[in-house]
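Beneath this line is the structure, given in structure tokens, with notes to follow.
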Amino acid sequence: MSAPTRTPAGAPSAVGGPGGRIGDDARRPDGVLKVRGEFAYGSDLWMDDMLWGVTLRSPHPYARIRSIDVGPALAVPGVHAVLTSDDVPGEKVYGLELADQPVLAFDVVRYQGEPVALVAADHPDTARRAAARIVVDYDVWEPVTDARVALGHPTWNQVHDSPAEVTELSRESADLHPHGNLVRHLKVRRGAPAPTADVVVVGEYEVGMQDQAFLGPESGLAVPGEDGGVDLYVATQWLHVDQRQICAALALPPERVRLTLAGVGGAFGGREDLSMHVHACLLALHTGKPVKMSYNREESFFGHVHRHPATMRYEHGATRDGDLVYVKAEIYFDGGAYASSTPAVVGNGGTMGIGPYVVPNVHVDCYGAYTNNPPCGAMRGFGSVQTAFAYEAQMDALAAELGMDPVELRCRNAMEQGSTTPTGQVVDSPAPVVELLRRLEAMPMPPAVPTGDDVDLRDMPGGVSNTTHGEGVRRGVGYAVAYKNVAFSEGFDDYSTARVRLEVVGGEAVATVHTAAAEVGQGLVTVEQQIARTELGVEQVVVHPKDTAVGSAGSTSASRQTYVTGGAVKAACEAVRGQVLELAQRGVGRPVADLRLDGGKVVSDVEGIALPLADVLGEEVVEETVEWRHRPTESIDPETGQGFAHVQYAFSAHRAVVDVDVELGLVKVVEMACTQDVGKAINPQAVIGQIQGGTAQGLGLAVMEEILVRDGRVQNPSFTDYLIPTVLDMPPMRVEILEYADPHAPYGLRGVGEAPNISSGPAVLAAIRQATGLPLTRVPVRPEHVTGT
Amino acid sequence: MRLTCTVNGTTRQVDDVWEGESLLYVLRERMGLPGSKNACEQGECGSCTVYLDDVPVCACLVAAGQAEGREIGTVEGLAPPGELHPVQEAFLEAGAVQCGFCTPGLLVATDDLVSRSLAEGRTPTDPEIREALAGNLCRCTGYEKILDAVRLAADRMAGDARQPGGTR
Ligand code: FES
Ligand code: FES
């Protein structure tokens, strides 16, 4: 069968304009399509004879399925197929790290919104009406909705080496999965087992469930192939890990499950797990027709994992001079009904859970639990966002206790190059934590709280609702610093594949870069072009559509693609360049010193040679495919958490300035400032865009974003009730980028996307605490937390 | 039902439109104009912003029938084929496009704001820009570069307007 009429974008037409090498503000190759409305997102794909697929989801967070009757749905005119778990030909469960999640529920549903059945019809409304006629008979059970209860850990301050007898739960709900309710327990043990200190602060913290809220919904188009296989065009983050899971579910070999990336409308971790992928393929194979699935906003809230809510208890001990002596932490992540990436989230939360500080004695227990809440998994910042709220609040509390300036205390204990982390890893590249904080301090402050007659309501908390003219408004300033691992950790074989071709087209040398690395909006396609232009000295670089016809690029997550796929593209370009230089020397008839590619020519300054690349290449097509790995990491010791777990760290710091109407509890963030070390800014404009966007998501979690879950049920699955920052909520931002090269990374670069998402929220919290004098241990802060009502 | 309206200057007629279909659905699924995006279908995100007789509206909230006989302008019609409108150009230059899902709606909203300001002989102030774009969610950019783009577009269009033969 042919490709979709409206084809996935990032298409071969993605040719960049002139210029745009490493370090330039190069333009996106997909930008023109995007501003014209011609870029084909997953939800835009279309074929003449396609059907629409919809999902029937469980209304209950926990129930046994007694029976499913699809007859009434099949009887609806226009319906082509109704499928249940019985129609899944291969593995009935899937998952990123643990295969524990049903493709379609069988026997038991474990969260509200779990997919139970599928319908394909000729109009989306027909499919929806038919789905509503499927009769599912449920035996409803009481859901387990608290991570600590699920693990039988009702009290703090214990080491729960194994899950205790779960006594508080009814018999049938005691264990949600055969292996119990514990997904992972990570321990970090360093230094003395029972340290003491002059000054001790203890705090308990809670972070709510955040949604990625990408604007482009889960969507894609599955097209049955003549070979009995399927072509899936889908908006996703990692084509090959999708392919692996789809193949297992469909019982098909990889060559018959071909994936192409459709246009992606944001991801932020929410597309790491499968959503409609297998479902659309099942319907397409069953009906023999192309099937499109596209979630609406409400379904999207049920259709992807969220950021883990966390409850945390921290104890910090320090000398009177402000030197940290010890940190103890207990961290609970609620993983919801299925594992998703909870094990790796626990890995990050545990190994980096005390922040970028040097502490001789560390005792961390980090748990991930199954409950009947919505499944939680990857979201930007991945296990480091939650802990940063806690450890940075602790640093402020400790500073207050010591009568010290909070920035001073942080600088005194800051990690630097050569420091040892709590997991025993020596930081072997720049770690400019002190400089990040000092530069923030040195930035000018915004004007004071406006007062008097000329108050512009738009500058006030509450805005034009006219809630205050400055009465009761208090200014607060807060600082936070954070760090996070870049790329995959704990011994994961983390690699990317790049195929680079150089040939003459229309008299000009043109490079083509082919990787499977998902472009989700961050601008990797631009970076791929910049690297190829830099390494091959050509102007024209085509970015091939992202698909599974080339090897895996790994996930677009963990701030890793510019590093790892960037590294692969660089290596493939170098291999191509080696061949071209060979060709040139063959042409010259002898070895030439100091040959390089530049400006469309093969150049030797030493020998005064400049041969047009097009002449050197002639009819030759030079192509190289390279699999590239960053240096290996190690798994950590299960008892002590010690090991070389992370390949690189990213550091960022924020200063937040807020005005709080303490009578109404309304917060206006007046300014955000961020400093971040990026090693090398491959595309400064895009780097700043990442910092600004990450800052916004951190601010959102700090003051407004939460999926409210009551008794396992989501209360606010819409943009009416789940609020993300608008342009009115976002203040002006100051951004300063540092470029201290990491000698281990390509071009010295550091992953950028996540760090600013981690330090921004805690800075906002610190500022609100300063303005109000309240401890504010729960995130997001709501007006009632400020007013105490 | 049958629907007839003018879209981007061309008269369009579609048959078999269902009761309950939105203008957004008709544009995207029946007219082959998927540039206007669907991110909420509740009037909350602005991704579907189009001109309805010169007034920006959320196409997801407009019943298809309400568009009968009216003039619709979408992102696809902002510039002639092969050209870019100054607002489009400014969004690209300022780096205001990441995933781009919010972009079509923002372009229409920005074009409206800037045109209205220029008609009053001025460019929009920052608070005016924020107010005008408050109904357009963007999850990627944190809005800073969108503000840059709007300022840039306004300045360019103001400059062009002063020159004979300039845009708009
Ligand atoms: S889709 Fe119309 S406002 Fe969101
Ligand atoms: S660029 Fe992605 S939503 Fe705005």
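The values are calculated or read from the model by the stated rules, or taken from the named source; none is laboratory data. As the structure is a computational prediction, the values presented were derived from the model and not from experiment. Here the Cβ positions follow ideal geometry from the backbone for every residue, glycine too, while neighbour counts run over all protein chains shown. Side chains included, ligands, DNA and RNA excluded: accessible areas come from the protein's heavy atoms. Shrake-Rupley method; radii C 1.70, N 1.55, O 1.52, S 1.80 Å.
Neighbours of A:Arg458, meaning other residues whose beta-carbon lies under 9 angstrom from its beta-carbon, give a summed charge of -2 when Lys and Arg score +1 and Asp and Glu score -1. Could you please state how large a percent of the accessible area of the protein assembly as shown is carbon and sulfur, counting protein chains only and using a 1.4 Å probe? Ligands and nucleic acids excluded, carbon and sulfur reach 49 percent. Toward the positive end of the charge dipole of the protein assembly as shown, about the Cα centre and with charges on Cβ (Lys, Arg +1; Asp, Glu -1), which of A:Val455, B:Gly73, A:Pro638 goes farthest? The Cα lying farthest towards the positive end belongs to A:Pro638. Between 0 and 90 degrees, the angle of helix B:103-119 with respect to the longest Cα principal axis of chain B falls at about 60 degrees. With a ≥ b ≥ c the root eigenvalues of the C-alpha gyration tensor of the range A:191-253, is it rounded (a/c under 1.5), prolate (a/b larger than b/c) or oblate? Cα axes put the range A:191-253 in the prolate bin.
The amide H of A:Ile707, built 1.01 Å from its N in the peptide plane, has A:Met209, A:Gln210, A:Asp211 as neighbours under 5 Å, considering only residues 5 or more places off or on other chains.
Largest first and in whole Å, the equivalent-ellipsoid semi-axes of the range B:86-161 read 19, 13, 10, each the square root of five times a Cα gyration tensor eigenvalue. What residues qualify as long-range amide H neighbours of A:Val602, i.e. H under 5 Å apart, gap of 5 or more or another chain, H built at 1.01 Å from N? The list, which skips near neighbours in sequence, is A:Leu611, A:Leu613. Provide, for q = 0.19, 0.24, 0.27 Å⁻¹, the log10 of I(q)/I(0) from a solvent-free Debye sum over equal Cα point scatterers in the range A:492-543. Log10 I(q)/I(0), no solvent term: -0.65, -0.92, -1.07. Considering only A:Ala498, A:Val564, A:Leu583, and ranking their Cα positions along the charge dipole of the range A:495-629 that arises from unit charges at the beta-carbon of Lys, Arg, Asp and Glu, the one farthest toward the positive end is A:Val564.
Taken across both chains, chains A and B shield about 4500 Å² of accessible surface from a 1.4 Å probe. Descending by average beta-carbon neighbour count within 10 Å, the peptides B:61-71, B:108-118 line up as B:108-118, B:61-71, the highest first. Both radii are taken from the alpha-carbon atoms of the range A:681-766; with Rh as the Kirkwood radius, Rg/Rh is 1.09.
3J(HN,Hα) couplings calculated from phi for the range A:760-769 with the Karplus curve 6.51 cos²θ - 1.76 cosθ + 1.60 (θ = phi - 60°) are, in sequence order, 6, x, x, 5, 4, 4, 4, 5, 5, 4 Hz; Gly and Pro show x.
Please identify which residues in the range A:45-73 have an amide N closer than 14 Å to a label point set 7 Å out from the Cα of A:Asp137, following the Cα→Cβ vector. Taking a point 7 Å out along Cα→Cβ of A:Asp137, the residues of the range A:45-73 whose backbone N falls under 14 Å are A:64-71. Averaged over the residues of B:36-49, the number of partner chain Cβ atoms lying within 10 Å of the residue Cβ comes to 5. Ellipticity at 222 nm from helices only: DSSP H runs of n ≥ 4 in the protein assembly as shown, each -39500 (n - 2.57), divided by the residue count, give -7500 deg cm²/dmol. Computed about its Cα centre, the charge dipole of the range A:495-629 is approximately 400 debye, with only Lys, Arg, Asp and Glu carrying charge at their Cβ.
Residue-wise HN-Hα couplings along the range B:137-142, as the Karplus relation 6.51 cos²θ - 1.76 cosθ + 1.60 with θ = phi - 60° gives them from phi, are 7, 10, 9, 9, 9, x Hz; Gly and Pro carry x.
Here's the list of aspartates and glutamates a cross-link from A:Lys668 could span, going by alpha-carbon distance under 13 Å and ignoring same-chain residues fewer than 8 apart: A:Asp459, A:Asp659, A:Asp729. Here chain A is treated as a Stokes sphere of Kirkwood radius computed over C-alpha pairs; at 10 °C and 1.306 mPa s its diffusion coefficient rounds to 58 µm²/s. Using the 1.4 Å probe convention, the accessible area of chain B works out to 39 Å² per residue with neighbouring protein chains retained. Taking 22 Å as the straight-line reach from the Cα of A:Lys601, the lysines in range (excluding those fewer than 8 positions away in the same chain) are A:Lys570.
Considering only A:Ile354, B:Thr110, A:Ala766, the residue lying farthest towards the positive end of the dipole of the protein assembly as shown is A:Ile354, judged by Cα position with unit charges set on Cβ.
Near A:Asp198, once Lys and Arg are set to +1 and Asp and Glu to -1 for all other residues with Cβ below 12 Å from its Cβ, the sum equals -2. Take each residue in B:127-140, count the other chain C-beta atoms within 10 Å of its C-beta, and the mean is 6. Short-range pairs are left out: with C-alpha atoms under 8 Å and at least six residues apart, the relative contact order of the range B:1-149 is 24 percent. Here the Karplus curve 6.51 cos²θ - 1.76 cosθ + 1.60, taken at θ = phi - 60°, turns the phi angles of the range A:546-561 into couplings of 7, 7, 8, 6, 10, x, 5, 10, x, 7, 7, 6, 6, 6, 9, 5 Hz, with x standing for Gly and Pro. Partner lysines whose Cα lies under 23 Å from the Cα of A:Lys187, excluding those fewer than 8 positions away in the same chain, are identified as A:Lys328, A:Lys484.
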